[in-house]
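Every number in this text was worked out from the coordinates using simple rules, so none of it is lab data. All of these numbers come straight from a predicted model, not from anything done at the bench. A quick note on method: Cβ atoms are made from the backbone with ideal geometry, for glycine too, and the neighbour counts reach across all protein chains shown.
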Amino acid sequence: MAVGVFDSGLGGLTVLDAVSKRLPQVPFVYFADSRHAPYGVRDADDIYALTTAATDRLFEAGCDLVILACNTASAAALRRMQEGWVPRDKRVLGVFVPLIEALTERRWGDNSPPREVAVQHVALFATPATVRSRAFQRELAFRAIGVDVEAQACGGLVDAIEEGDMILAEALVRSHVDALKRKMPNPEAAILGCTHYPLMEEVFQDALGAGVKVYSQANLVAASLADYLDRHPDMYGPGQVPGFLTTGDPARVSHHATQFLRRQISFTAA
Ligand code: DGL
């Protein structure tokens, strides 16, 4: 029954929370590669090596389907993994596509040509590696035309959240929003393109202003996953036991995770 959820650290817990609420019967195994976070400052080869190692560990834990609840890994490693690494009886899915489908108001699996959509000025907040990959713009171009995307690499933000330094995290969000607004004064929509950022969603919304629609991934990914599992019930893995694995210090990671999700979370060593 088990399904794996991977992130470099705590950000993917925002996705885990939503998928667990949507699919309460599924035992999810969460993997936080805390020792190697943040991924956003690493190069693509490094991100690929770390993401494949973590995904292997989730396969070992009885998950046949693994969600990369990490935009940086989805942007820098997923396509390469799907093209040559994922075993035939396993699946690895990323978190970009559901978000882009929501933004472009498309239904899952709509492969018609790209067309004009309601929003034209979109701000993308993501890690330096995700911004550098241009994966978001590439996926968007398959589905929409005439959308102007201005990307802001939010250096330092994942580190601050992982450290639990929310004062620094808030200051960084406000300064990255200011920097974005200097390039694009009036975005209509903003994408939180890193699964850590929903933990700061209120600050993003406040800094952007009430008129800007903020898209974050958790609920969109949960709806897509439920739909996917409906269509592919064979992708429930043999694992029965939910759990939280980390490559970092389990006590420390559990402490921060418990603070973020406001419920007791106990990580064990991966
Ligand atoms: N949560 C990851 C993401 O969605 C954070 C990446 C990082 O470790 O820098 O991109």
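Matching residues to (1) more than 20 Å from G193 (Cβ to Cβ); (2) within 13 Å of the chain's Cα centre (by Cα):
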residue: D17; (1), (2): no, yes
residue: P24; (1), (2): yes, no
residue: V29; (1), (2): yes, no
residue: N71; (1), (2): no, yes
residue: D89; (1), (2): yes, no
residue: E101; (1), (2): no, no
residue: R106; (1), (2): no, no
residue: E116; (1), (2): yes, no
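Note on region 1-24: among residues that are among the aliphatic types (A, V, I, L, M) and away from the ligand (no atom under 12 Å from the Cβ), the one that is surrounded by the most Cβ atoms within 10 Å (Cβ to Cβ) is V3. When residues in region 60-78 are screened for being crowded, with 24+ Cβ neighbours inside 10 Å and on the phi > 0 side of the Ramachandran plot, 0 of them pass.
Say we look at region 25-52 and pick out the residues that are of a type in the set (A, V, I, L, M) and within 15 Å of the ligand (Cβ to nearest atom); which of these is farthest from F267 (Cα to Cα)?
Of the residues in region 25-52, the ones of a type in the set (A, V, I, L, M) are 26, 29, 32, 37, 41, 44, 47, 49-50.
Remaining after also requiring within 15 Å of the ligand (Cβ to nearest atom): 32, 37, 41, 44, 47, 49-50.
Values: A32: 9, A37: 16, V41: 25, A44: 27, I47: 22, A49: 23, L50: 19 Å.
Checking each candidate, the answer is A44.
The rows are residues; the columns are (1) hydroxyl-bearing (S, T, Y); (2) without any contact (Cβ under 8 Å) to a residue 12 or more places away in the chain; (3) closer than 18 Å to V97 by Cβ; (4) touching a strand residue (DSSP E or B) at 6+ places or on another chain (Cβ under 9 Å).
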{"position": "V122", "(1), (2), (3), (4)": "no, no, yes, yes"}
{"position": "A135", "(1), (2), (3), (4)": "no, no, yes, no"}
{"position": "R138", "(1), (2), (3), (4)": "no, yes, yes, no"}
{"position": "G155", "(1), (2), (3), (4)": "no, no, no, no"}
{"position": "A171", "(1), (2), (3), (4)": "no, yes, no, no"}
{"position": "L180", "(1), (2), (3), (4)": "no, no, no, yes"}
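Of everything in region 182-204 that's away from the ligand (no atom under 16 Å from the Cβ) and surrounded by 17 or more Cβ atoms within 10 Å (Cβ to Cβ), which residue is farthest from E101 (Cα to Cα)? Spell out the reasoning first.
If we filter region 182-204 for residues that are away from the ligand (no atom under 16 Å from the Cβ), which is where we start, we get 182-189, 202-203.
Still in the list and also surrounded by 17 or more Cβ atoms within 10 Å (Cβ to Cβ): 184, 187, 189, 203.
Details: M184: 23, P187: 19, A189: 14, V203: 25 Å.
Here the answer is V203.
Answer yes or no: is there a residue in region 142-150 that is crowded, with 17+ Cβ neighbours inside 10 Å, small (G, A, S) and within 13 Å of the ligand (Cβ to nearest atom). Among the residues of region 142-150, not one is crowded, with 17+ Cβ neighbours inside 10 Å, small (G, A, S) and within 13 Å of the ligand (Cβ to nearest atom), which makes the answer no.
In the set L199, L168, only one residue is outside any loop (DSSP other than H, G, I, E, B) and under 19 Å from the mean Cα position of the chain (by Cα); that residue is L199.
For R262, the test of being at positive phi, surrounded by fewer than 19 Cβ atoms within 10 Å (Cβ to Cβ) and without any contact (Cβ under 8 Å) to a residue 40 or more places away in the chain is passed.
Scanning region 206-226 for residues that are in a helix (DSSP H, G or I), of a type in the set (G, A, S) and either surrounded by 20 or more Cβ atoms within 10 Å (Cβ to Cβ) or under 21 Å from the mean Cα position of the chain (by Cα) (or both) yields A218, A222, A223, S224, A226.
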